[in-house]
Amino acid sequence: MMKTAKLLPVLAAFVLAAGCSGYRPAPAAFHEALYQPYVLDAGDSLRVTVFDQDNLTNTYSVDQAGYIAFPLIGSVPARGKTSKQVEQSIAGMLRQGYLRDPDVTVEIDRYRPVFVMGEVGAPGQYSYVPGMTVQKAVAAAGGFSPRANQNNVDITRDINGKVMTGRVVTSDPLLPGDTVYVRERLF
């Protein structure tokens, strides 16, 4: 009986340490991505304006392969590019026999969604809006459940083609395409 009593604190410490082993602070690249120019991916929607060409001015979606289908010139690569780079690509392709000096602007019409999972009222996919934080995304998903850990969450983010997961506080900003996972609290 005495041996069991002495082993109990050691066993409790081991269990607590094992429970903390899943903790992953956000890597440096995680926060650096917030200050980089926005790069396009599948699910984004672009508003392309070609001055004096109403038949070409429209909203175009980036497909799963990472392209937009543009009249006259066909598929334009968009994945991994900024809106300015896509703008230059479209203008360059239109210059090759279609328009003499095209004036093209590309703006983001709708960002790809964020996903909120775990201990929230209504887990699912939600529209991203510029300036969205974890707290705002959780609010859109029906708020925290009674069992939720409200101090920090895990975010999974694609950074330069590499998927990373890190733990952040609820005031941290989100990027389009992020997945937020709200964990259950222990006590």
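With labels modelled as points extended 7 Å from the Cα through the Cβ direction, what inter-label distance (nm, one decimal) is found for residue 85 paired with residue 35? Using points 7 Å along Cα→Cβ, the separation is 2.1 nm.
What shape does the chain have by the C-alpha gyration tensor, where a ≥ b ≥ c are the square roots of the eigenvalues, rounded means a/c under 1.5, and otherwise prolate means a/b greater than b/c and oblate the rest?
Details: a/c = 4.17, a/b = 2.94, b/c = 1.42.
Prolate, since a/c reaches 1.5 and a/b exceeds b/c.
Go ahead and collect, in residue order, the members of region 73-111 whose backbone nitrogen is under 17 Å from a label point 7 Å along the Cα-Cβ direction of residue 47. Residues passing the 17 Å test: 83-84, 87, 104-111.
In units of 2.2 N^0.38 Å, what is the alpha-carbon radius of gyration of region 45-110? Each step should come with its number before you reach the end.
On the way: Rg = 10.7 Å, N = 66, 2.2 N^0.38 = 10.8 Å.
So region 45-110 has a normalised radius of gyration of 0.99.
Of all the options 145, 61, 83, the one that moves most in a Gaussian network model of the chain with Cα springs shorter than 10 angstrom is 145. Take the chain and mark each of the trypsin sites (Lys or Arg not before Pro) that is in a DSSP loop with at most 14 other Cβ atoms within 10 Å; the longest unmarked stretch, sites excluded, is 1-99. For the chain, the longest principal axis of the alpha carbon atoms and the long axis of helix 83-95 meet at an angle near 20°.
Rounded to the nearest 500, the 222 nm mean residue ellipticity of the chain from helices alone is -7000 deg cm²/dmol, with -39,500 (n - 2.57) taken per DSSP H run of at least 4 residues.
Quick check: the angle from helix 2-20's long axis to the longest principal axis of the chain, C-alpha only, nearest 10 degrees? Between the helix axis and the principal axis of the chain, the angle is about 10 degrees.
In this simple spin-label model, placing a label point 7 Å from the Cα along the Cα-to-Cβ direction at both residue 101 and residue 169 gives a separation of 5.3 nm.
What FRET efficiency comes out for the pair residue 162/residue 55, r = Cβ-Cβ distance, R0 = 41 Å, nearest 0.05? Walk me through the numbers before you get to the answer.
Details: r = 40 Å, r/R0 = 0.98.
The computed FRET efficiency comes out at 0.55.
How high is the FRET efficiency from residue 72 to residue 28, r the C-beta distance, R0 45 Å, rounded to 0.05?
Values: r = 44 Å, r/R0 = 0.97.
In this case the efficiency is close to 0.55.
Coordinate-derived values only; no laboratory data. Because the structure is a prediction, the values reported are computed rather than measured. Neighbour counts are summed over all protein chains in view; Cβ atoms, including those assigned to glycine, are modelled from backbone coordinates with ideal geometry.
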